[in-house]
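S.K.: I have a structure I would like to understand better, so I am pasting it below and will then ask my questions one at a time.
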Amino acid sequence: MTGSGSDRSGILWSGRLGRASAEVREADGRRVLRIGARSTVVDDRTRVVHRSGRFALSRRVVVLRPDQPVFTHRYRLPWRLTLAPYLEAGYDRWSAEADDPGLGLVEVLGGTDDWR
């Protein structure tokens, strides 16, 4: 997974959300989020939200733009990661970021999550 620093190809972040590959790329002054075969532009009017689902495994990344339909990607974490908050006494945001790449993605895009 690429961190928040940019490289020559314009990729600001890349990783996997469940089975789908995801990346944030900056080109021509625009940030584009691509998850699987879908993509959307992320600009100043865009609100990005990461939420945990009703079940411990499910997660959602939601991109809200005033002039576009809602862009939602649902994904699951491996089942073993759902036990970590219960087994690790010091489980915190940094532990959660190591388990869930969606948190890092939302941070790069300036969004919010369940931890903030």
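The values are calculated or read from the model by the stated rules, or taken from the named source; none is laboratory data. Since we're looking at a predicted model, the values are computed, not measured. As a convention, Cβ positions derive from the backbone with ideal geometry for all residues, glycine included, and neighbour counts pool all protein chains shown. Just the protein is used for accessible areas: all its heavy atoms, side chains included, with ligands, DNA and RNA removed. Shrake-Rupley method; radii C 1.70, N 1.55, O 1.52, S 1.80 Å.
S.K.: About the Cα centre of the chain, how large is the charge dipole given +1 on each Lys and Arg Cβ and -1 on each Asp and Glu Cβ? Please answer in debye to the nearest 20. Walk me through the numbers before you get to the answer.
M.R.: Values: 20 positive and 15 negative charges, 110 e Å.
Rounded to the nearest 20 debye, it is 520 debye.
S.K.: Same structure again: Of all chymotrypsin sites (Phe, Trp or Tyr not before Pro) in the range 11-116, which ones are in loop regions per DSSP and have a Cβ with at most 10 other Cβ atoms within 10 Å? Please report the intermediate quantities before stating the final value.
M.R.: On the way: sites: TRP13, PHE55, PHE71, TYR75, TRP79, TYR86, TYR91, TRP94, TRP115; in loops: PHE55, TYR91, TRP115.
Of the chymotrypsin sites (Phe, Trp or Tyr not before Pro), the ones in loops of the range 11-116 whose Cβ has at most 10 other Cβ atoms within 10 Å are PHE55.
S.K.: Extension gain LEU81-SER9, at 0.36 nm per residue separation less the Cα-Cα distance, in nm?
M.R.: Extending this stretch completely gives an extra 22.7 nm.
S.K.: Here's another thing I want to ask about it. Quick check: at a probe of 1.4 Å, how many percent of the accessible area of the chain sits on carbon and sulfur atoms?
M.R.: Taking all protein chains in place, the chain shows 50 percent carbon and sulfur surface.
S.K.: Need the full-extension length gain, ASP28 to SER58, defined as separation in residues times 0.36 nm minus the C-alpha distance. One decimal, nm. It would help to have the intermediate numbers written out before the result.
M.R.: Values: separation 30, 0.36 × 30 = 10.80 nm, distance 3.41 nm.
Separation in residues times 0.36 nm, less the Cα-Cα distance, equals 7.4 nm.
S.K.: When the chain is fully extended, how far beyond the present Cα-Cα distance does VAL41 get from TYR91, taking 0.36 nm per residue of separation?
M.R.: Values: separation 50, 0.36 × 50 = 18.00 nm, distance 3.33 nm.
So the chain would gain 14.7 nm between VAL41 and TYR91.
S.K.: Determine the per residue accessible area of the chain with all protein chains present and a 1.4 angstrom probe, expressed in square angstrom.
M.R.: 63 Å²
S.K.: Can you compute the modelled spin-label distance between SER21 and GLN68, with each label point 7 Å from Cα toward Cβ, in nm?
M.R.: Each label point lies 7 Å from its Cα, and together they span 2.0 nm.
S.K.: Relative contact order, percent, of the chain when contacts are C-alpha pairs under 8 Å separated by at least 6 residues?
M.R.: Values: 183 pairs, mean separation 23.4, N = 116.
Relative contact order for the chain comes out at 20 percent.
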